[in-house]
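See structure below.
The values are calculated or read from the model by the stated rules, or taken from the named source; none is laboratory data. Remember, it's a predicted structure, so these values are computed and weren't measured experimentally. Don't worry about glycine lacking a Cβ; one is built from the backbone with ideal geometry, like all the others, and counts go over all protein chains shown.
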């Protein structure tokens, strides 16, 4: 087994475990930290694919800026919203997994999804060392910038508008909740 395959397997395991813990963690702060682990692990996969620019953007934009916004949102939340279930905090991974699989809402769906992802990851490992096709897209900063501002200008601007609307909505909701708390609920 080559070092590249071992590195990919470790990164894939970190991504799968972190993704599971993002949705299964009883504390929202722990979920945010596991999300940061997933985002940094994805940057590691980008590095393995020689997409250095995408790896740097992944760390700066997602693991840096987006995680700062998420932590800020957690700080603005009330204590009762982020407290979590104290009994769930003492469970180990195995007990947590058994409880999730016995749930009448989810059942074996997480296990089936994990098995499907494992099959896809194993199939992807076989292609990991394959050479790039001739004429494959370049990942230099100039090429990515040129593509964003020519071929993908409309989707790029739509994404910008959606993010701006989300920020404005968060500010409006936070300001409204803050004024309700100061007024004692009188409106």
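The table below lists the values:
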quantity: Residue check, residue 41 crowded, with 17+ Cβ neighbours inside 10 Å, in a helix (DSSP H, G or I) and free of Cβ contacts under 8 Å to residues at least 24 places away in the same chain; calculated: no
quantity: Residue among 165, 142 that alone is in a helix (DSSP H, G or I), at pLDDT 80 or above and exposed (fewer than 10 other Cβ atoms within 10 Å of the Cβ); calculated: 142
quantity: Meets criteria (modelled with pLDDT under 70 and within 23 Å of residue 21 (Cβ to Cβ)) for residue 46; calculated: no
